[in-house]
Amino acid sequence: QQKKTEKGKARFFDDNLQSQLLRELHIRNCMLNAIGSNEFYVLFQPIIDRSNESIAFIEALARWTLDEDPISPAEFIPVAEQHGLIKSLGGQLFEQALTESKAFIEASPATKLCFNVSINQLHDAHFAKLITRSLELTEFPPEKLVLEMTETAMAEDKSIILKQLQQLRSMGVQIAIDDFGTGYSSLAYMQNFEIDLIKLDRSFITQLDNEQTSIIKAVTELSKAFHFDVIAEGIELEEQADSLLALNIQLHQGFLYHKPMTINQIENL
Ligand code: C2E
Ligand code: MG
Ligand code: MG
Ligand code: MG
């Protein structure tokens, strides 16, 4: 009896794993064509500065339709990373984001563009050069660009990444830590990497209990010492926004304010 159950379990696991692998391969195969035919696009989500209600940033977020259904970047970006496609996909998305947002960014002195980069992209010794080339090609002002990367980038291979980031920072590009608090957080990297911004992960905001509140307080104290700004991600409720304001966090991103939208929709806000 027991054997039967275990066997059943093992099979269930295999089936799951197999369909997961097939799905991944399917995504990868379609992605190759989709990059070639420019099927990917970006939407932009406003980040509001509550101290003056202006749009402080717009974050470019990748979008794609696979087999007539929207597929989340949380699913297809990791596949692109694992199959060596993130460099071409990331480059294509970056140039789209720059081209589309340029007019709006230039007309809005207070607004910068945020773009997500994967660690794999940072490991490329030509990363800074590629970014620079896209900025030049699109004539996008470097001081209006923020590159978002996760904490894992800070944990590994410091010298290569540090060099790339220093080069970009010297041109005026800003660096943000995305999903802050979910990975390897360390005071050392904050100092070494001269971070301009951190984005507090949504998981902190969804349950603002005593513990989370003390962490956020500590982070705002650190932000004074290390001179970085703090954005809160994933704000969905009025009371979350109020709690964050009470903690002196003014940069807000979330569905409470705006969902990701086209640049035309942003221009019409
Ligand atoms: P992220 O960079 O942390 O982006 C924020 C995500 O939270 C976005 O999901 C956004 O739509 C979602 N979000 C914003 N406000 C709320 C809210 O109030 N509630 C909830 N539940 N979610 C909210 P999205 O667009 O699905 O992107 C998922 C992740 O995929 C991004 O997380 C980022 O890590 C990655 N990604 C997206 N576009 C790109 C890209 O062009 N390049 C790279 N390398 N990664 C990307
Ligand atoms: Mg991000
Ligand atoms: Mg995030
Ligand atoms: Mg993320």
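The values are calculated or read from the model by the stated rules, or taken from the named source; none is laboratory data. Predicted model only: the values in this text are computed from it and were never measured. All Cβ positions, even for glycine, are placed from backbone atoms using ideal geometry, and neighbour counts span all protein chains on display.
Residues that are over 14 Å from C30 (Cα atoms) and β-branched (V, I, T) were ranked within region 42-78; the one that is nearest to ligand 3 (Cβ to nearest atom) is I47.
Yes/no matrix, rows are residues, columns are (1) surrounded by 14 or more Cβ atoms within 10 Å (Cβ to Cβ); (2) within 15 Å of the chain's Cα centre (by Cα); (3) in contact (Cβ under 8 Å) with a residue 60 or more places away in the chain; (4) within 16 Å of ligand 2 (Cβ to nearest atom):
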site	(1), (2), (3), (4)
L145	yes, yes, no, yes
A155	yes, no, no, no
M190	yes, no, no, no
T213	yes, no, no, no
A232	yes, yes, no, yes
L245	yes, no, yes, no
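Where helices (runs of 4 or more DSSP H) sit wholly within region 184-269, those with at least 3 residues that are within 16 Å of ligand 1 (Cβ to nearest atom) occupy 202-206, 238-246, 263-267. Among the residues of region 229-265, those identified as farther than 28 Å from L98 by Cβ and among the acidic types (D, E) are E236, E238, E239, D242. Being within 16 Å of ligand 4 (Cβ to nearest atom), under 21 Å from P141 (Cβ atoms), modelled with pLDDT of 95 or more and of a type in the set (D, E) is not true of E100. Which of the residues spanning region 157-188 are over 18 Å from the mean Cα position of the chain (by Cα), modelled with pLDDT of 90 or more and of a type in the set (A, V, I, L, M, F, W, C)? Across region 157-188, the qualifying residue is only M171.
Yes/no per residue for (1) within 15 Å of ligand 2 (Cβ to nearest atom); (2) in contact with a Cys (Cβ under 8 Å, 6 or more places away or on another chain); (3) within 23 Å of E39 (Cβ to Cβ); (4) part of a loop (DSSP other than H, G, I, E, B):
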site	(1), (2), (3), (4)
F104	no, no, no, no
L113	yes, no, yes, no
L130	no, no, yes, no
L135	no, no, no, no
S159	no, no, no, no
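Each residue in region 193-211 was checked for being within 21 Å of the chain's Cα centre (by Cα), aliphatic (A, V, I, L, M) and over 17 Å from R50 (Cα atoms), and 1 pass.
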